[in-house]
Every structure is written in structure tokens, then in C-alpha cells.
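Written below as C-alpha cells is the structure these notes are about.
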Amino acid sequence: MSNNEHLFARAQRHIPGGVNSPVRAFGSVGGTPRFFVRGEGPYVWDADGKRYIDYVGSWGPLILGHAHPAVVEAVERAARNGLSFGAPTEAEIDLADLLCELLPSLEQVRLVSSGTEATMSAIRLARGFTGRDKLVKFEGCYHGHADSLLVKAGSGLLTFGNPSSAGVPAGVANDTLVLPYNDVAALEELFSAKGSEIAAIIVEPIAGNMNLVRANPQFVQAMRRLTEQHGALLIYDEVMTGFRVGLQCAQGLHGITPDLTTLGKVIGGGMPLAAFGGRADVMSKLTPLGPVYQAGTLSGNPLSVAAGLATLNEIRKPGFFEELTAKTCMLTEGFNAVGRELNIPFCAQSVGGMFGIYFAEQVPDNYNDVMNSDRARFNAFFHDMLEQGVYLAPSAFEAGFVSAAHSGATIMATISTARLALEHAKR
Ligand SMILES: *Cc1c(COP(=O)(O)O)cnc(C)c1O
């Protein structure tokens, strides 16, 4: 038995499924999850001492790579002064100021500890502000695991959503309406029927939880226009895309000013930190100023804030995103070239430091397209890459991430590895 296998067996005794978040269990690709011991730059090492080039980056936060010296030092310095106070600190003002400076749509922002908390709080705030209950989300988008957001499409466009998890009350799911991504006609139909009941649209402006799917410009503009016309709020869930696709986030790329934005992942630099913010007239409805309750014992935790500030200070340096974007493009262009060369349905695309790879003829436009990709081939490819020391997300439905620590040579090595794996996958 390898150390990884031994640890996985041991983990399952006292941890359900052996993991603290389900996709880590390798359920969709099969096999034994790797238990990691150490990370440095673009690399991670598992419990058997094997090294991997990491394209998961803790699911997005590690935009500077593992154990970046500036981030580690900031956390160590903060830790020596106390781990938590449950009282205001100056550093959290610095972080709020910086977030509002970098993202013009944020007039005010509140810090929380996870993306789930950020989206859950943002939708409560949207409901409290508008006095309406209905929420619109899109098929294939993930917004954390709050009850209102674990909802899938019902049988017809205008019917109620159904819970996508046991334990979500039907009454809660009834208030969530689920539409296909990138479908302007469906959006228009829904708003003309129920516009006055809708509190908000929540959307991944570039979806990264059904692999990577871009929102097209007409869709983005329709969301902004219809919410404005009907007095609903537009919530950009940028927990993944925020400071990952560019310094102005997806909203900067789209030229859209959402009413509320949720952030997480990169802004915590690998520590538990997330945020939601936006229009001051909306944010002022939060307690202690207004009637919408929201709180957190560890919100604005000094270690998380230190890691977040250190990370943002690195990524705002001139040229950071140009370089990250170029490297990520080099990876996806390399994948595309190999797919063409071997003449197999395999393609890739990227936005900033985020990418998608698909066993399909062309990049997907929505959840159905993603579901129609060749998952068996992905699984074979995944295991081949893993064997050869490249760690990709263990699911065909996740985006991948490149960090500033991935060098051109690391990326070229990954493309060569992919050529071998794709030759195998072809057979
Ligand atoms: C990861 C993610 C979340 C949830 O964040 P957690 O920190 O895992 O709770 C919410 N929305 C999006 C778009 C995400 O990618």
C-alpha cells in the first residue's frame, strides 16, 4: 500500500468519505486522492514523495504559487501579534480600502471567511434591500453551498427550481429560478413574466465551476439591462474570477458595473477570507446600520487579512496580469496545437490566469455543452497526467489555474506531458 492509499483508508474512519470537501475524494475520476505534504512555487509533493506541477492552486487562491515568501512572511508577522481579536483592526481597513480602490463598483465592502458566506450574505442583502424573495441563477454556476443556491432547473423555464441536495427545503428552492447560461431569450421571458418579484440575478460572470464557460456580451448586457428595468440587483459572483482574470476582475473585462460583487479565493491568498460589497445605498442596509443581519466571529481575521494584502500588493504590480495571461495562453495554445496535431476532439481556452480544457470539438457555451464532452477520455487523460507528475483538477467540470510561479519551461514541460497523455487517450 502506498502512503496515499494508507492515509485515504485512515481518513475514511473519522471523516465522511475521507475528505473535508467532496471533489477532493477523486469520486468522478476514480482512484486514490493524493495527500499533500508540501508546496513550493508551482509544485506540490504528496505523501509518497512524488512531485507534481500543480494546476489546481487550492482551487484558485494561490495566484502567486505555493508558499510565496511575501505572503508567508506577512502571515508569520501577523501571527506573532495575536491570531484573532473579534474586534476592529487597522489592517482590515487597509484591505477594504484597497479592494474599493481596485474595483470601482465597490463603494463599501464587508469581509467574511468563505465564498459561501459571501454569496449567502449578498443574496440576503439583495432580498432585504428590494423586499422581494425570488432569486435567478444559471445552470452549471456554483455559488457555494447555501440552501437557496443548491437548486437546479425545474421541468419548465418558468417553474420553480428543485433542490440539488437533500436537506434543502422545497420552500427555499421555490424561490430560486434557474435558467440556461448565455440564453438571452430565456432571461427576457422570465423577467417579463416575473420581473417584479425578482430580488436579484446571481451569476458567475465567467463560469469556472462547469469547467470554464465565458458569458457572451449580449447575455451580460441583457442581465444588466433587465435587472435595472425591473428594480432587481445584479450580483457578480467573482469568488473565482476576482483578481484571477485581471486586476479589474470579470466586471472590468465586461465593462459592467454590478450592484453587488462577491469575492474570495485570490483575495485571501490561501487563507480563509472572502468579501461582498457594492453600492453604498445597498450595503448600508447591513447591521449595525440597517435591518439585514450578518456577522462572523472570525470575519476580518488578522492572518487572513495579512495574506490577502500581501497577495494583492504583488498582483497589482505593473505587468503582473499581462505576464500571467501570456503564460496561461501559452499553455492553452500548446494544448490546442497538440489536439490539432493528433486530430482528436480536444481544445482549451483561457482568461487571465484561468483555463478550461475540453474533450470536445469546440469550447462550450453552456452546461449542456459541457455535459456532452467526453468524460471517459478526460478521466484517462487526468490519470495519465497525474502519473507523469501533472496535477489537474480531479473532475472534467472544473477550471484550471496557472500561477505567477509557473515558468515558461514548466508550461512547455506540461505541454509535452499532455502530448504523451493524449496519444494514450486517443488509443
Ligand atoms: C469557490 C466558489 C464559491 C464558494 O466559495 P467557498 O470559499 O468554497 O465557500 C462561490 N462562488 C464561486 C464562483 C466559487 O468559485
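Among the candidates GLU117, GLU101, GLU92, which residue alone is in the same structural domain as THR297 (by TED's automatic domain parsing), on the phi < 0 side of the Ramachandran plot and open to solvent by 60 Å² or more (accessible area, probe 1.4 Å)? Working first, answer last.
Details: GLU117 fails: open to solvent by 60 Å² or more (accessible area, probe 1.4 Å); GLU92 fails: open to solvent by 60 Å² or more (accessible area, probe 1.4 Å).
Within the list GLU117, GLU101, GLU92, the selection yields GLU101.
Quick one: TRP59 ticks every box in (1) free of Cβ contacts under 8 Å to residues at least 24 places away in the same chain; (2) in the same structural domain as PRO394 (by TED's automatic domain parsing); (3) open to solvent by 50 Å² or more (accessible area, probe 1.4 Å) bar one, so which box is it?
(1)
Every residue, every condition in (1) surrounded by fewer than 24 Cβ atoms within 10 Å (Cβ to Cβ); (2) within 14 Å of the chain's Cα centre (by Cα); (3) more than 9 Å from the ligand (Cβ to nearest atom), yes or no:
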site	(1), (2), (3)
ILE201	no, no, yes
ASN216	yes, no, yes
ARG224	yes, no, yes
ALA232	no, no, yes
VAL239	no, yes, no
LEU247	yes, no, yes
ALA250	no, yes, yes
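Could you tell me whether any residue of the range 146-153 is within 20 Å of THR257 (Cα to Cα), open to solvent by 10 Å² or more (accessible area, probe 1.4 Å) and not in a strand (DSSP E or B)?
No, every residue in the range 146-153 fails to be within 20 Å of THR257 (Cα to Cα), open to solvent by 10 Å² or more (accessible area, probe 1.4 Å) and not in a strand (DSSP E or B).
Could you please let me know if VAL19 is β-branched (Val, Ile, Thr), touching a Pro at 6+ places or on another chain (Cβ under 8 Å) and away from the ligand (no atom under 16 Å from the Cβ)? Step through it out loud before you land on a result.
Values: β-branched (Val, Ile, Thr): yes; touching a Pro at 6+ places or on another chain (Cβ under 8 Å): yes; away from the ligand (no atom under 16 Å from the Cβ): no.
For VAL19, the condition - β-branched (Val, Ile, Thr), touching a Pro at 6+ places or on another chain (Cβ under 8 Å) and away from the ligand (no atom under 16 Å from the Cβ) - is not met.
Quickly run through the range 96-129 and pick out the residues that are part of a loop (DSSP other than H, G, I, E, B) and within 16 Å of the ligand (Cβ to nearest atom). Lay out the reasoning, then the answer.
Of the residues in the range 96-129, the ones part of a loop (DSSP other than H, G, I, E, B) are 103-107, 113-114.
Within the range 96-129, LEU103, SER113, SER114 meet the criteria.
Going by the structure shown, is VAL75 more than 16 Å from the ligand (Cβ to nearest atom), open to solvent by less than 20 Å² (accessible area, probe 1.4 Å) and not in a strand (DSSP E or B)? Write out each step before concluding.
Working: more than 16 Å from the ligand (Cβ to nearest atom): yes; open to solvent by less than 20 Å² (accessible area, probe 1.4 Å): no; not in a strand (DSSP E or B): yes.
Taking the combined requirement at face value, the residue does not satisfy it.
Among all residue pairs at least 6 apart or on different chains, which show Cβ distances below 6 Å where the first residue, located in the range 5-23, is over 18 Å from ASP48 (Cβ atoms) and the second is polar (S, T, N, Q) and open to solvent by less than 50 Å² (accessible area, probe 1.4 Å)?
As it stands, the answer is VAL23/SER395, since those pairs meet every condition given.
Select from the range 16-31 the residues that are outside any helix (DSSP H, G or I) and either touching a helix residue (DSSP H, G or I) at 6+ places or on another chain (Cβ under 6 Å) or over 21 Å from THR116 (Cα atoms) (or both) and list them in ascending order. Show your work before the answer.
Initial filter on the range 16-31 (outside any helix (DSSP H, G or I)): 19-21, 26-31.
Of everything in the range 16-31, those that are outside any helix (DSSP H, G or I) and either touching a helix residue (DSSP H, G or I) at 6+ places or on another chain (Cβ under 6 Å) or over 21 Å from THR116 (Cα atoms) (or both) turn out to be VAL19, PHE26, GLY27, SER28, VAL29, GLY30, GLY31.
Check the range 145-167 and report whether any residue there is among the acidic types (Asp, Glu), more than 16 Å from the ligand (Cβ to nearest atom) and out of contact with any His (no Cβ under 6 Å at 6 or more places or on another chain). Before you say what the answer is, go through the steps one by one.
Kept after step one, since they are among the acidic types (Asp, Glu), are these residues of the range 145-167: 147.
Subset that is more than 16 Å from the ligand (Cβ to nearest atom): none.
Scanning the range 145-167, I find no residue that is among the acidic types (Asp, Glu), more than 16 Å from the ligand (Cβ to nearest atom) and out of contact with any His (no Cβ under 6 Å at 6 or more places or on another chain), so the answer is no.
Does ALA295 meet the test of being open to solvent by less than 60 Å² (accessible area, probe 1.4 Å) and within 17 Å of PHE243 (Cβ to Cβ)?
Details: open to solvent by less than 60 Å² (accessible area, probe 1.4 Å): yes; within 17 Å of PHE243 (Cβ to Cβ): no.
Considered against the rule, which asks whether it is open to solvent by less than 60 Å² (accessible area, probe 1.4 Å) and within 17 Å of PHE243 (Cβ to Cβ), ALA295 comes out as no.
Please work out which residue is nearest to the ligand (Cβ to nearest atom), limiting yourself to the range 62-72 and to residues that are aliphatic (A, V, I, L, M) and open to solvent by 10 Å² or more (accessible area, probe 1.4 Å). Spell out how you get there, then give the answer.
The first filter runs over the range 62-72 and keeps only residues aliphatic (A, V, I, L, M), leaving 62-64, 67, 70-72.
If we keep only those that are open to solvent by 10 Å² or more (accessible area, probe 1.4 Å) as well, we get 62, 64, 67, 70-72.
Working: LEU62: 13, LEU64: 18, ALA67: 20, ALA70: 23, VAL71: 18, VAL72: 21 Å.
Checking each candidate, the answer is LEU62.
Matching residues to (1) out of contact with any Ser or Thr (no Cβ under 6 Å at 6 or more places or on another chain); (2) under 29 Å from LEU62 (Cα atoms); (3) small (Gly, Ala, Ser); (4) modelled with pLDDT of 95 or more:
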| residue | (1), (2), (3), (4) |
| --- | --- |
| ALA215 | yes, yes, yes, yes |
| PHE219 | yes, no, no, yes |
| VAL239 | no, yes, no, yes |
| GLY252 | yes, yes, yes, yes |
| THR262 | no, yes, no, yes |
| LEU273 | no, yes, no, yes |
| PHE276 | no, yes, no, yes |
| LYS285 | yes, no, no, yes |
| PRO288 | yes, no, no, yes |
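Does the range 41-51 contain at least one residue that is open to solvent by 30 Å² or more (accessible area, probe 1.4 Å), free of Cβ contacts under 8 Å to residues at least 24 places away in the same chain, out of contact with any Pro (no Cβ under 7 Å at 6 or more places or on another chain) and part of a strand (DSSP E or B)?
Within the range 41-51, one or more residues are open to solvent by 30 Å² or more (accessible area, probe 1.4 Å), free of Cβ contacts under 8 Å to residues at least 24 places away in the same chain, out of contact with any Pro (no Cβ under 7 Å at 6 or more places or on another chain) and part of a strand (DSSP E or B).
Could you tell me whether THR261 is within 14 Å of the ligand (Cβ to nearest atom) and among the polar types (S, T, N, Q)? Reasoning before the result, please.
Numbers: within 14 Å of the ligand (Cβ to nearest atom): yes; among the polar types (S, T, N, Q): yes.
The answer is yes for THR261.
The values are calculated or read from the model by the stated rules, or taken from the named source; none is laboratory data. Remember, it's a predicted structure, so these values are computed and weren't measured experimentally. Note that each Cβ is placed from the backbone with ideal geometry, even for glycine, and that neighbours are counted across all protein chains shown. In case anyone asks, the SASA skips ligands and DNA or RNA and just uses the protein heavy atoms, side chains included. Shrake-Rupley method; radii C 1.70, N 1.55, O 1.52, S 1.80 Å.
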